[in-house]
Every structure is written in structure tokens, then in C-alpha cells.
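Here's the structure, in C-alpha cells; my notes come after.
The values are calculated or read from the model by the stated rules, or taken from the named source; none is laboratory data. Predicted, not measured: the structure shown is a model, and the values here were computed from it. Note that each Cβ is placed from the backbone with ideal geometry, even for glycine, and that neighbours are counted across all protein chains shown. Side chains are part of the model used for accessible areas, which takes the heavy atoms of the whole protein and leaves out ligands, DNA and RNA. Shrake-Rupley method; radii C 1.70, N 1.55, O 1.52, S 1.80 Å.
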Amino acid sequence: MGKTYCILGGGGSFGIHAALYLLDHANPKKVIGIGRNPLRPEPFSLGIEKREGYVYHARHLTYEMDLLLELLDKEKPEVIVNFAAQGEGAVSWKHSWRFFETNSMALAKLSEELMKRDWLERFIQIGTSEMYGSVEHATKEDEPIKPSSPYAASKVAFDMYLESVHKFLKFPMNVIRPSNAYCPGQLLHRVIPKAVWCGLTGNKLPLHGGGRAEKSYLHARDLGRAIHLVAEKAPFGEIYNAGPKDPTSIREVVERTANALGMPFEELCTVTGDRLGQDSRYWLDSSKIKRDLGWEPEIGWDEGLAEMVAWGHKYIDELRQWPTDYVLRG
């Protein structure tokens, strides 16, 4: 029998897809999802709670650390994957201390406690490509850090903490810095699910700045495969970018989504002004993870967007009622 995996931030769509990938491919003893809330309804949880070998618990990383550690000590997962974060660079200009409270402080406290546990074999932090800021070329892992928001700065702080405790205290860690991920079950304020929702409900997608910004998109199942490979084979202490070879403009993403929906681009969106702190290009050099672990993305736009549209059609009655704006919570 394989290992017990614990996914912190396990109620989010990327944590759910990572759990599904591990259930399907890692032959795990158990996969434990832990998030701050109970699981969302099926359009977002994808029915994962029905899967054999999976269990979910609601524990708040910041405010219930003692209860979280009690649970971890009971389950003794060999591998912990951390997605838990106060997310969203675009909204982190206000209440920015909350981002450091979770993304830096709480995770440093957790790591210090984990160093006392002999059952932990590996801690994998899911970082962010936003720490490199807007770039003119594909960025490697040792690129100078230029965070473009308080959110990105709070994520960087914990990455640097992990590097130091690995180097001097031998904490068994790795960091994966993925590009912008997408997947069925993603909340509706993100551009791809929101575009699908708009197309299926007759609403117009606001396209900030005409969609000139370029981002690198990755299906969450490809990220799940990167996590599995890092858990199995990566040397401790290594940091890996994980993204596609080339970025895609937001406009092209929306055009491709309109095409997957079978509707004209002009019918799907309306052009608006730029967001505060909107980076012009996120672009990763992922040659290191390919060289070390043999990973590269496998799911192309056509397959990925067809999945998104199928998910939208399947759950459109529930999705009609769901909010499409981001709400900041503790």
C-alpha cells in the first residue's frame, strides 16, 4: 500500500484535482483533504467525497492550528501538499496584512511544528509565478524576485523561509511554482469559468484592457501530475516552475473559449479598463522540472476547454445561482 497524502487548501478546485490525480495514479493508502470550509456543492467539489480512499476535514490553518495539528498527528501523512493561501493578487492591495497572516505567518508556524514530527517525509509548497512579476522572457527559478502585489510578496516570504529551514535544519521540502491553473470546478470569478458561465447564461464577460495581458495557463490535472512526480522523485530543497512553453493573451483565451462554446467572440465579451497592478506577461521556463522529473504539460487548449464547457453544461442550473465576484474572507 502506498503513502498517505494530505492536501491543505484541499477544498479549492486545484486541491481537489490534485487529490483526484493522486487517487487515480499514486496508489495511495489515503488522501486527506483539509480546507477552512466544508466542501462546496458538487459543481465545485466534483463529488470527490464519494471516492474510496478520500476523506475531507474542515480545519482553519490560521485560527485552528491546534485542531489541525491534532488531526495530522492522528493521520500521520508522509506527504503534505500545501495549496492553502489567502489568494488573489488583484484584491490584495486592501487588507494586505491578511495575506501575510496566512501565506507567511501561519505556514511558518505550521512548518516549525512539522519539524518536530518524525512521520513527515516531504512537504510540498504550491507557490506562485506572480513572484517574478511581469517579464520579457521565460523566467527560471533563480530569477530576481519582483512581486507585483502584496499577495505575491506574502507567498515569496514563505518560499524564502522554506529555503532557509531546508538549508540549515534539513526540513524536507520542495516548492512548485505553477502558472495560472484552470479546471472544471473552478470558482466563477476566474476568467475561463466566468467566460463559460457568461456564454451559457447570456451575460457579457468584461475583458480588462482588451485582454492584452499574457498569462501562462495550465490544466490542474497537469499540476497534479507535477505534484506526484515531485513527491516521488524530486531531490529535497529543489524549487520547480511548472507551466506551458508559451504564454497566451487573455484575449486569445476568451476567443478559444468562445470557439469551444460555439459562439462569436463579440457575443461573449465587452472591453473594459485595466485592473490595478495588472501584469503584462507571466511566463515561466519549466525546463528544470522536465530535465529532473520528465514533466511537461500534456493537456492542450482544445481538450481543456472542451472539459470546461462540458462541466458548464452539466451544472448550469446550479451555476446560474452562484456568485461570480471574489469575496475576501479570513
Margin query: How far apart, in nanometres, would the label points at LYS167 and ILE145 be if each is projected 7 angstrom from Cα along the Cα-to-Cβ direction?
Written below: 1.1
Item checked: Convex hull volume of the range 13-148 per residue (C-alpha atoms, cubic angstrom) -> 153
Check: By per-residue mean of other Cβ atoms within 10 Å, what is the highest-first order of 97-108, 148-159?
Finding: 148-159, 97-108
Note to self: Once each part is reduced to its C-alpha centroid, what is the distance from the range 58-114 to the range 202-258 in angstrom?
What the structure shows: 23
Next item on the list: For GLU70 and ASN203, compute 0.36 nm times the residue count separating them, minus their Cα-Cα distance, and round to one decimal in nm.
Entry: 43.3 nm
Margin query: How tilted is helix 13-25 with respect to the longest principal axis of the chain? Cα atoms for both, answer in degrees (0 to 90, nearest 10).
Written below: 60
Margin query: At 1.4 Å probe size, what's the solvent-accessible area of TYR56? Round to the nearest 10 Å².
Written below: 40
Next item on the list: List, in the order given, every pair from LYS155/LYS314; LYS76/LYS109; LYS116/LYS288 whose Cα-Cα distance in the structure shown is over 25 Å.
Entry: LYS155/LYS314; LYS116/LYS288
Check: Taking only Cα atoms, what is the 0 to 90° angle, nearest 10, from helix 65-75's long axis to the longest principal axis of the chain?
Finding: 70
Check: What number in nm² do you get for the chain if you take the convex hull of its Cα atoms and divide its surface by four?
Finding: 15.4
Margin query: Which aspartates and glutamates, if any, have their Cα less than 17 Å from the Cα of LYS3, not counting same-chain residues under 8 positions apart?
Written below: ASP24, GLU52, ASP73, GLU75, GLU78, ASP118, GLU121, GLU232
Checklist line | CYS269 - accessible surface, heavy atoms, 1.4 Å probe, Å² rounded to 10 | finding: 10
Next item on the list: Please list, in chain and number order, the residues 5+ apart from THR4 or on another chain whose amide H is under 5 Å from its amide H, with Hs placed from the backbone.
Entry: LYS29, LYS30, GLU78, VAL79
Notebook entry, point to check: So what is the 222 nm mean residue ellipticity for the chain from helices alone, if each DSSP H run of at least 4 adds -39500 (n - 2.57) and you divide by all residues, rounding to the nearest 500 deg cm²/dmol?
Noted result: -11500 deg cm²/dmol
